[in-house]
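The values are calculated or read from the model by the stated rules, or taken from the named source; none is laboratory data. Since we're looking at a predicted model, the values are computed, not measured. Here the Cβ is made from the backbone with ideal geometry for all residues, glycine too, and neighbour counts use every protein chain on show. Quick note on the areas: whole protein, heavy atoms, side chains included, nothing else; ligands and nucleic acids left out. Shrake-Rupley method; radii C 1.70, N 1.55, O 1.52, S 1.80 Å.
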Amino acid sequence: MKYKAITVSTTTEGAELVSDLFFGICGQGVSIIDANDLKELYKGEIIWDYIDESVFTASNVVRVTGYTDEENFQDALEQLNQGLENLKANFQFPLGSLEISIEEVDGDDWFNSWKKFYQPIKVDGITVVPIWQKIPEEGTVIKINPGMAFGTGEHESTQMCLSLLQREKVTGLQVSDIGCGSGILGISALKLGAKNCYFSDIDATALENLKENIRLNGVFENSVCECASLADGNPPQSDLVFANITADILIMLSKSIHKVLKKGGTLILSGIIATREEEVISAYQEAGLRVENRLALKDWRGFTLKA
């Protein structure tokens, strides 16, 4: 099967923003090539037998690539162009040229080669494990087949949500995971004792991946899945709600958050770049919520709010 590789030229500072765009629009994986990553690793404690000197004279251009099938290529390209225009308008630090290049790739070999880069992710008492890795014997284990673009727990925003989740008592609660992707957050809540979880995402492919993951973790009977946004979906009134998306969408969701969040309930937000932190918080404070916990990992922010 043939796939399209869409590459954006950016900077180290812009790489996470561009990759976050790709995660939202490309259903077949995202990769980042940044020579600065290896330079930083070289400065660390690892003893190198050999390193190619060309690494230190390599271009500072960072290349972020999203992969999509041919059927969804044009739609993904249009969304990417719109997202890049938004980045140019809203961020002052260097983003590079944001030039787009496109290549056709053969999926037969590439489709499985990406798996070697995913390792188990441990956040406090929860370990997220791709199914081709060894399953730990201790702690709360979340088994996933991530489908390449729908989340493996590596992103800082997901890790903050998992950390914030473990500060809450979830036994017997009704949970909703809005914009669920691979479902790590809702599945984690169920494995920690939540009664039921409503999962929703606007990407039908992500939902198919989600259904596989909830079966892998034995929580299918406690799960409801819907292809919808919060605005047009049918979520239950929930004690605990996850929304790990992007700042603009989170701000829009604030206007309808009481559709899903019970009075006195808990909202865990993430996916927020540092420069949008106060803007997002203000939107939810206007909706009547108060901030209880804040976390920061690199340039990303996560919050627990109470209704």
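Odds and ends about this structure:
- Applying the condition of being open to solvent by 50 Å² or more (accessible area, probe 1.4 Å) and closer than 20 Å to Ile32 by Cβ to the stretch 114-130 and asking which residue is modelled with the highest pLDDT yields Gln119.
- Hits in the stretch 82-94 - residues which are surrounded by 13 or more Cβ atoms within 10 Å (Cβ to Cβ) and outside any helix (DSSP H, G or I): Phe91
- Of everything in the stretch 95-105 that is outside any strand (DSSP E or B) and within 23 Å of the chain's Cα centre (by Cα), the residue that is modelled with the lowest pLDDT is Leu95.
- Within the stretch 52-70, tally of residues that are surrounded by fewer than 13 Cβ atoms within 10 Å (Cβ to Cβ) and either at pLDDT 85 or above or under 21 Å from the mean Cα position of the chain (by Cα) (or both): 0
- Only a single item in (1) surrounded by 20 or more Cβ atoms within 10 Å (Cβ to Cβ); (2) part of a helix (DSSP H, G or I); (3) among the acidic types (Asp, Glu) is not met by Asp177, and it is number (2).
- Test result for Thr304, of a type outside the set (A, V, I, L, M) and open to solvent by less than 30 Å² (accessible area, probe 1.4 Å): yes
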